[in-house]
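Working notes, structure below.
The values are calculated or read from the model by the stated rules, or taken from the named source; none is laboratory data. Here the structure is a predicted model, which is why all the values come from computation and not from measurement. Methodologically, a virtual Cβ is constructed for each residue, glycine included, from the backbone with ideal geometry; neighbour enumeration extends over all protein chains shown. For accessibility, only protein heavy atoms count, side chains too; no ligands or nucleic acids. Shrake-Rupley method; radii C 1.70, N 1.55, O 1.52, S 1.80 Å.
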Amino acid sequence: MGKSPLDRAAHLARLRSCARAGAAVALAASLAMLPGCKYSDVLTEHVEDPENGSVNERMTPVYKEVKGAPELDNMSSTLESKAERVDGQVDEIPVYKEGAPDNGPTDVRLSSTSVPQDEPATEGNDQTDNNDGANDSESTGNDGSSSDSEQDSAEGEGMGGEDQGESEQGDEPDESEETTEGDDQGDTDPDGGSGGDGKVYNDSTYEDLPEDVGCIAATGQYATIVQMLAGKGGLVAADQAWLTRVKGDPNLFPDESKEGLSSVKAGWSGDGTKSKSCNVKQLIAAKPDAVLLESGSNALSTSDQKALTKEGISVVVMPDLNESDTSDADVLQAVSVVGELLKKAKTAYKASDMAAAYKEMHENVVKGCVSRNGGYSTKMVGGTNFGYIYQGTKSTGVATTKLSSNRTTTSFIDDWTSTVRNSVKAVRKYSNATLYLNGSDLDISDGVGLSAHGSSKNYMLLDYYYQVSGVVNNAYDGARPSLKDGDRSLPYLVIAGSGKNMVSKNVSQRSVPSALWYSAVGSSAAGDQWTTVGDADFPALTARSSDIAKKVVRSAKKQHGLYNVGKPYSVWVVPTGLAGSWSEGTVESFLMGEWTWDMFYNDQDLSDCDAATDAFYQTFYRCESFQDVVTDYNTAGAYQAECPVDSGWSDSPNPEPSPEPNPEPGPDPDPDPDPDPDEPGPNEPGPEEGEGGDEPSDEPGV
């Protein structure tokens, strides 16, 4: 027989304690007779004959006492019996395949629990049995596959930019790369995934949440919330659009963008809102403990959720944000839940404390606006005060007696659409009152503005922030868009007068005269006070974007343009921050209260809003100044509607309506909606306008 495994390991054997020599000799003797023993699998001991230097496994070890050595404590309590030692050795002996070639690899190696399972048990460089890591991928499950998710996973591969290209087969990156990522993220556990429990949490009360969440994957608004509360270490995966936006702006999360954000993976293509945008393999490789899913979102398919929960990753369904009808309460709850999930996480910032700081800042701004305004400003509907706070899930809002006498008006244009013709006959007459250009041919070729609308029974969030600061939105008849099909609302045309025969898009038809022209006391009697945009109590329209503002100004510049009301007025654009437009349900939206007060009541001096916005951006986005990030913050004077007057215009008492347009591509007009039984006030929603619609009624004005 050739040189035994024992002889080839002799240089390592000298390192073992002589105290275990007897047991080791027995082990070595048994191994010497086993073919197929791999020399690097087992380390044993030998005793060297001092006479000739040869190895003699049968010799009794010679013990030598060192004089003067300190006496050790009594270790009898830790001594093992011979039987215990033998039992332990049996557990460690490998099982060998019979008939294996001499010195060939073993089939099974039992390793200590202290040795990671993905590390080879061999020593030296002989690691050919590792099979290039294929078994590691199978054992960890990071290929992200399951019977329900293979198709979606395959379709999601290859997207996400450079963050997506780390592993073609979905295997984990090597250990050194993972450790670097963990270091970049702060003190968080580089292994991740240990705080999830593989369950889906879809309880809107959020009383039951996964425990010990250390890191999270999320898209859009929720990626922003996780990052702003936790800093480095909290976010491990986001959508590609969010990563591109944040990484591309050095003013946002400056510390994180240099370090922590470099390791955040792109778990979704685009902004993560489209079906099949999730790369579930990449998401699993990021090792989140939980993935946040907005209610009604397409960010995760059913098979994606199954693949995640199979890996022990929790899925938490969160409130729907970034919508016009998102409630203020939902924004607060979203921040609170993320803070609760990460309360034990090892992140740069203590998320629960940051969530509490956000709530305090939010409350200080909103309550400060209400106090300064003397209460909530509400609309007059049909001569009756609509005494409700425009928030809450009930369609009637919340009744209040804390009403303000301030009632400055604006009309907010949320969107823009094209028209089905280039001109219409203006219908700008209401009972005994007439508005400029009534009866004239109006140029509508620039398109027309639309009000905000939503998919729930909530009021528009923007209207609530207007309300706390003394402003009401006259873009629709009542205090919000009328409901259709129970929950869904349709937009109104934000114009002067009737909008009949202008668009093919399904919109709501006003039952009162105009979004740009209204009766101050709700009566159409002669001598009543009528207010038009451009008057002191109606100084400006507001718009969601500068593009919309430019279109209004272009139309108003024409002598017979749709937005020419015979007197100049301003168009102010609502600011947009990292989280999106302040008109929508974002974590920045509450700042609309300060902005509204300063624009409408403080002569466009935004000093109060400056202070609140700087405090928010410095605290939560770690920005030196919000001015580097927020767009359209102060557009006072930037967009002026000139409204040149046609001196030859004379009122046409009974203008003929425009003929029906030729059929155009687009949806068929919906039937008239049922009246909303919950809408207070004497005015019921008017008929639906598609390609036709009814004439305005003679209901009292707003």
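Listed by first and then second residue, the pairs with beta-carbon distance under 7 Å, at least 6 apart or on different chains, first residue in the stretch 621-644 and over 26 Å from Pro250 (Cβ atoms) and at pLDDT 95 or above, second open to solvent by less than 30 Å² (accessible area, probe 1.4 Å) and among the charged types (D, E, K, R), form an empty list.
Restricting the stretch 399-418 to residues that are open to solvent by less than 30 Å² (accessible area, probe 1.4 Å) and in a loop (DSSP other than H, G, I, E, B), which is farthest from His453 (Cα to Cα)? Only one residue tops the list, namely Ser404.
Look at (1) modelled with pLDDT of 95 or more; (2) touching a strand residue (DSSP E or B) at 6+ places or on another chain (Cβ under 9 Å); (3) polar (S, T, N, Q) and you find that Asn364 fails only one, number (2). The set of residues in the stretch 237-286 being in contact with a Cys (Cβ under 8 Å, 6 or more places away or on another chain) and open to solvent by 40 Å² or more (accessible area, probe 1.4 Å) consists of Asn251 alone.
For the stretch 552-596, what are the residues that are within 32 Å of the chain's Cα centre (by Cα) and of a type in the set (S, T, N, Q)? Residues satisfying the conditions are Thr576, Ser581, Ser583, Thr586, Ser589, Thr596. Taking the stretch 202-213 as the range and being surrounded by 18 or more Cβ atoms within 10 Å (Cβ to Cβ) and modelled with pLDDT under 95 as the test, only Pro210 passes.
Residues that are touching a Phe, Trp or Tyr at 6+ places or on another chain (Cβ under 6 Å) and modelled with pLDDT of 85 or more: does the stretch 509-521 have at least one? Looking for residues that are touching a Phe, Trp or Tyr at 6+ places or on another chain (Cβ under 6 Å) and modelled with pLDDT of 85 or more, one finds none in the stretch 509-521, hence no. Does the stretch 174-201 hold any residues that are assigned to a loop (DSSP other than H, G, I, E, B), more than 20 Å from Glu340 (Cβ to Cβ) and either open to solvent by less than 20 Å² (accessible area, probe 1.4 Å) or at pLDDT 95 or above (or both), and which are they? Passing the criteria: only Gln185.
State yes or no: is Met361 hydrophobic (A, V, I, L, M, F, W, C), surrounded by fewer than 18 Cβ atoms within 10 Å (Cβ to Cβ) and within 23 Å of Asp330 (Cβ to Cβ)? Judged against the criteria, Met361 is a match.
For the stretch 468-478, filtered to residues that are of a type outside the set (A, V, I, L, M) and assigned to a loop (DSSP other than H, G, I, E, B), the residue that is nearest to Asn385 (Cα to Cα) is Gly478.
Taking the criterion of being of a type outside the set (A, V, I, L, M) and either touching an Asp or Glu at 6+ places or on another chain (Cβ under 7 Å) or under 25 Å from Tyr617 (Cα atoms) (or both), the residues of the stretch 268-299 that qualify are Trp268, Gly270, Asp271, Gly272, Lys276, Cys278, Asn279, Lys281, Lys287, Glu294, Ser295, Gly296.
From the set of residues in the stretch 214-236 that are in a loop (DSSP other than H, G, I, E, B) and of a type outside the set (D, E, K, R), which is surrounded by the fewest Cβ atoms within 10 Å (Cβ to Cβ)? My answer is Gly231. Picking from residues in the stretch 322-348 that are touching a strand residue (DSSP E or B) at 6+ places or on another chain (Cβ under 8 Å) and β-branched (Val, Ile, Thr), the one that is surrounded by the fewest Cβ atoms within 10 Å (Cβ to Cβ) is Val337. Filter the stretch 426-467 down to the residues that are outside any loop (DSSP other than H, G, I, E, B), crowded, with 19+ Cβ neighbours inside 10 Å and not hydrophobic (A, V, I, L, M, F, W, C) and list them by number. Passing the criteria: Lys429, Tyr430, Gly449, Asp463, Tyr464, Tyr465, Tyr466, Gln467.
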